[in-house]
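**Student:** Please find one structure pasted underneath; my questions will follow.
The values are calculated or read from the model by the stated rules, or taken from the named source; none is laboratory data. Because the structure is a prediction, the values reported are computed rather than measured. All Cβ positions, even for glycine, are placed from backbone atoms using ideal geometry, and neighbour counts span all protein chains on display. Remember, those area values only see protein heavy atoms, side chains included, never the ligands or the DNA or RNA. Shrake-Rupley method; radii C 1.70, N 1.55, O 1.52, S 1.80 Å.
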Amino acid sequence: YVPAPLPLPEPTPEPVLAAGGFLQATVTVAVEGEAFVSQHVGDLDTELARLFLAEVASNLEEFLQVQPRVVAVDIHPDYPSRLWGERLAASRGGEVLAVQHHLAHAAAVLGEHRAFPREGQEAAAITLDGTGYGEDGTAWGGELLALSGDLRWWRLGSLQPLPLLGGEAAVREPFRVAVAALACAGEEKLAWELFPRERERLEKLVPLVKNPWPLASGAGRVFEAAGAILGLGEVNRYEGEQALRLEAVASLWRGPAKPWPHLQELVQEPVLRSDGLLVELAKKRLAGLSRRRLAAEFHASFAWLLTALAERVFAGRRLVACGGGCMVNRLLRSFLQRELEARGFTVLFPEKLPAGDGGLSYGQAVVAAVALARGTRPVFQGGGPCA
């Protein structure tokens, strides 16, 4: 609830303004030991929304009687919130602190639960969403991260990056991701059985799945592709529609939802091969199995495989923060919690904040406060060939 405060891991030596992301935007002002998240601003795709973001920030600063010189922003070079934050910091003679998207998601969950690592400690995180700008310039969104108390952090594992066949069109038309995934696995025949009407316009693009299309490791893209494979819809009329439909259909299944155990080979450290999971779903769909059952078993299998990868790459790190927009999926959360806890992990989920980008500004503020208090800055350490 706004303006109820949230804790910071350490009191910030000076006030911080965090500008948030692009979708479901909020801003956060951190003062001393507390962070104040604004009301929902919305997507920053219009000039009116961007003006409202600045107005909300100004009102929050006035309410708290501060004017921060340190502004935390997303590392995406074209986010309107970043460009606005940079201009604001420059006008105040201040500092811009850039925080990677999924690091902010992880920090938001850890901060809310007062579990952010102290100096000399580490925590792990699983962040699942549609898209966040990665340190390598590609679109991330299915990440297994580790974070230390001195703000060094690692990308230890990820979902397999899949080609966005047709670029941005693949976000609006998830069947394109499904076709690309099946083609990556050498199963173009399955793609045309499932999407015969799209064959004429996509067949010439399939040989190019590894070039020149952008790659994305987002879990949201995988779940949307699964929805398209099950025939729940080929187009997203709003953000994440096919993923939401997949969860809704899965929740109608009243039988057991068991993982597909023969897919263990898809866990190829440090990557979970999403194409193989979608191939298995396509084969079972074409065999005529119940859509409700397949949707439920897809959720269970995804959680089981992701946990198997986490067990390999997280080593001795047993505290796992789970954040990102996909965590609004209650079924996925329940399966993931069950699998992680069965392997001895302590699992944290968002509670007071949105799992998605509405909580991003708070995560940025947490990182900035720790950076100022501990005299450090976030430093990406790599972590493995996840791309």
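**Student:** Suppose we keep only residues that are in a loop (DSSP other than H, G, I, E, B) and either modelled with pLDDT under 95 or polar (S, T, N, Q) (or both) within region 355-387. Which one would you say is surrounded by the most Cβ atoms within 10 Å (Cβ to Cβ)?
**Tutor:** Of everything passing the filter in region 355-387, C386 is surrounded by the most Cβ atoms within 10 Å (Cβ to Cβ).
**Student:** What number of residues within region 17-37 are crowded, with 24+ Cβ neighbours inside 10 Å, among the small types (G, A, S) and part of a loop (DSSP other than H, G, I, E, B)?
**Tutor:** 3
**Student:** Ok, one more. Give me the residue from region 293-333 that is outside any helix (DSSP H, G or I) and touching a Phe, Trp or Tyr at 6+ places or on another chain (Cβ under 6 Å) and, out of that set, farthest from G132 (Cα to Cα).
**Tutor:** So, considering only residues that are outside any helix (DSSP H, G or I) and touching a Phe, Trp or Tyr at 6+ places or on another chain (Cβ under 6 Å), the one farthest from G132 (Cα to Cα) is R318.
**Student:** Ok, one more. Name the pairs: first residue in region 59-76 and closer than 23 Å to A107 by Cα, second residue basic (K, R), Cβ to Cβ under 7 Å, at least 6 apart or on different chains?
**Tutor:** Close Cβ pairs satisfying both conditions: R69/R92; V73/R82; D74/R82; H76/R82.
**Student:** I'm trying to understand the selection: among the residues of region 76-120, which are buried (at least 20 other Cβ atoms within 10 Å of the Cβ) and basic (K, R)?
**Tutor:** If the condition is that a residue be buried (at least 20 other Cβ atoms within 10 Å of the Cβ) and basic (K, R), then R82 is the only one that fits.
**Student:** Which of the residues spanning region 335-349 are of a type outside the set (A, V, I, L, M), open to solvent by less than 60 Å² (accessible area, probe 1.4 Å) and in a helix (DSSP H, G or I)?
**Tutor:** Within region 335-349, F335, E339 qualify.
**Student:** Right, another one. Among the residues of region 176-224, how many are at pLDDT below 90 and assigned to a helix (DSSP H, G or I)?
**Tutor:** Matching residues across region 176-224 total 9.
**Student:** For the condition under 19 Å from the mean Cα position of the chain (by Cα) and among the charged types (D, E, K, R), what is the one hit in E341, E269, E239?
**Tutor:** Step by step, each of E341, E269, E239 is checked, and only E239 is under 19 Å from the mean Cα position of the chain (by Cα) and among the charged types (D, E, K, R).
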